[in-house]
1. Among the residues of region 79-89, is there at least one that is in contact with a Ser or Thr (Cβ under 8 Å, 6 or more places away or on another chain) and not in a helix (DSSP H, G or I)?
2. Exactly one condition in (1) touching a helix residue (DSSP H, G or I) at 6+ places or on another chain (Cβ under 8 Å); (2) surrounded by fewer than 12 Cβ atoms within 10 Å (Cβ to Cβ) is false for T92; which is it?
3. Every residue in region 41-67 that is open to solvent by 90 Å² or more (accessible area, probe 1.4 Å) and among the hydrophobic types (A, V, I, L, M, F, W, C), please.
4. Looking at R203, R139 in this structure, which one is at pLDDT 85 or above and either surrounded by fewer than 18 Cβ atoms within 10 Å (Cβ to Cβ) or closer than 26 Å to S94 by Cβ (or both)?
5. Mind checking whether some residue in region 119-131 is open to solvent by less than 60 Å² (accessible area, probe 1.4 Å), over 28 Å from G235 (Cβ atoms), out of contact with any Gly (no Cβ under 6 Å at 6 or more places or on another chain) and not in a helix (DSSP H, G or I)?
6. Residues of region 151-165 being open to solvent by less than 10 Å² (accessible area, probe 1.4 Å), in a strand (DSSP E or B) and either within 13 Å of E112 (Cβ to Cβ) or not β-branched (V, I, T) (or both), which ones?
7. Here is a check on your reading of the model: is G70 out of contact with any strand residue (DSSP E or B) (no Cβ under 7 Å at 6 or more places or on another chain), touching a residue at least 12 places away in the same chain (Cβ under 8 Å), loosely packed, with under 13 Cβ neighbours inside 10 Å and more than 19 Å from H222 (Cβ to Cβ)?
8. Where residues in region 220-246 are at pLDDT 90 or above and assigned to a loop (DSSP other than H, G, I, E, B), which of them is most open to solvent (accessible area, probe 1.4 Å)?
Amino acid sequence: NARLYEQLEHQGRALAEASQHKSQFLANMSHELRTPLNAILGYTELILDEIYGEVPESLRDVLERVQQSGRHLLDLINDVLDISKMEAGQLTLSLNDYSMAEVVYTVSTAVESLATEKGLALKIALAPELPQGKGDERRLAQVLLNLVGSAIKFTEAGEVQIQVTATDGVFTVAVADTGLGIAEADQQTIFEEFQQADSSSTRLKGGTGLGLAIVKRIVEMHNGRVWVESSLGKGSTFWFTLPVRVEQQKEAA
């Protein structure tokens with residue numbers, strides 16, 4: 001038994017080390033991929049701005065598609081970089097004072113055109129006089145952008161609503177939609193890396209399956225938690241709570 005325990009302990013250490021090396025490799029590779037891709041996007045922007053001369057309309061259309069695809073690829077690379085940094089313990093929150101209301105309005109402005117294109121109502125319901133928060137404003141905006149963007153993506157008719165309240169020193173944020181809904185079995189796994197709800201309509205939407213895993217980790221680093229309430233065909237509501245004032249980030253277990 002002692003020998004078996006020693007072997008299992010050794011294998012566990014080896015697996016942990018291999019996982020650490022994998023995360024480090026992905027973090028390094030993602031960083032290296034972003035540099036040339038940003039250069040491609042930069043030059044494409046300069047060409048579209050006609051810095052190098054007039055651009056024919058037929059070529060402009062192609063360049064705009066190149067730019068759109070490049071930005072999508074950059075989003076995917078950023079997701080891989082974020083999750084790799086988190087796994088490698090390299091992601092550090094920048095804790096400063098922020099306004100939760102401003103975070104909500106910034107995100108809603110960013111996704112408003114996406115909702116309008118699909119004919120969806122984008123609603124905001126904020127409790128009056130929300131207290132000033134302390135946390136990583138950019139990362140919290142990333143969390144909300146992921147949740148609202150996903151809600152719009154999987155909602156074909158109706159509305160998406162962002163709700164925020166604050167009670168006893170805790171923010172409670174909800175993103176509700178009238179979309180496809182998520183089966184109960186899938187609700188247990190969608191916050192894991194590379195997981196998506198297992199339905200053909202969901203698969204057709206694409207994505208890395210990292211968005212909700214990143215949301216979960218950022219919220220937990222703020223000493224908060226995230227969960228979903230949903231049923232098929234009746235829409236979903238993603239909730240997260242976190243302290244209004246985060247004085248220290250929670251380290252990964």
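1. yes
2. Only one criterion in (1) touching a helix residue (DSSP H, G or I) at 6+ places or on another chain (Cβ under 8 Å); (2) surrounded by fewer than 12 Cβ atoms within 10 Å (Cβ to Cβ) is unmet by T92, namely (1).
3. Scanning region 41-67 gives a single hit, I51.
4. Just one listed residue meets the conditions, R139.
5. Yes - at least one qualifying residue is present in region 119-131.
6. V160, I162 - these are the residues of region 151-165 that are open to solvent by less than 10 Å² (accessible area, probe 1.4 Å), in a strand (DSSP E or B) and either within 13 Å of E112 (Cβ to Cβ) or not β-branched (V, I, T) (or both).
7. No, not satisfied.
8. N223
The values are calculated or read from the model by the stated rules, or taken from the named source; none is laboratory data. Note that the coordinates shown come from a computational prediction; the quantities given were computed from them, not determined experimentally. Virtual Cβ from ideal backbone geometry, glycine too; neighbours counted across all protein chains shown. To get the accessible areas, we keep the full protein, side chains included, count just its heavy atoms, and leave off ligands, DNA and RNA. Shrake-Rupley method; radii C 1.70, N 1.55, O 1.52, S 1.80 Å.
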